[in-house]
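The values are calculated or read from the model by the stated rules, or taken from the named source; none is laboratory data. This structure is a prediction, so every number in the text was calculated from the model and none was measured. Every residue, glycine as well, gets a Cβ built from its backbone with ideal geometry; the counts of neighbours run over all protein chains shown.
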Amino acid sequence: MMLVFMVLAVILSVFLIVLVTIQPRQTQIFSTDATSNIGKPSYWASQPIRKMLTLAISIALFILLLIFMIVSYK
């Protein structure tokens, strides 16, 4: 059981590292105000599948690590 948790954690970690690496970079310009972004796509509008997959894998890894800690506490 512990081996399954460890292998699954490693696989999810590698997937998360790859997904975060291929995320598009957002430039931050602090001199512009919020009104300059009106009409432009929001953060989730560009490549939503990749971003939702990154969010889902990070939540799954978090839950897996919590379960792993609870199981190995004995």
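Out of the residues in the stretch 18-47 that are within 30 Å of Phe5 (Cα to Cα) and surrounded by 11 or more Cβ atoms within 10 Å (Cβ to Cβ), state the one that is modelled with the lowest pLDDT.
Across the stretch 18-47, the extreme among qualifying residues is Gln23.
Filter the stretch 48-74 down to residues that are loosely packed, with under 10 Cβ neighbours inside 10 Å and at pLDDT below 90 and give me whichever is farthest from Leu12 (Cα to Cα).
Lys74
Just to be sure I understand the filter: pairs with C-beta atoms under 7 Å, separated by 6 or more residues or on different chains, first member in the stretch 1-26 and under 18 Å from Pro48 (Cα atoms), second member part of a loop (DSSP other than H, G, I, E, B). Which pairs pass?
If the second residue must be part of a loop (DSSP other than H, G, I, E, B), the pairs left are Pro24/Ser46; Pro24/Gln47.
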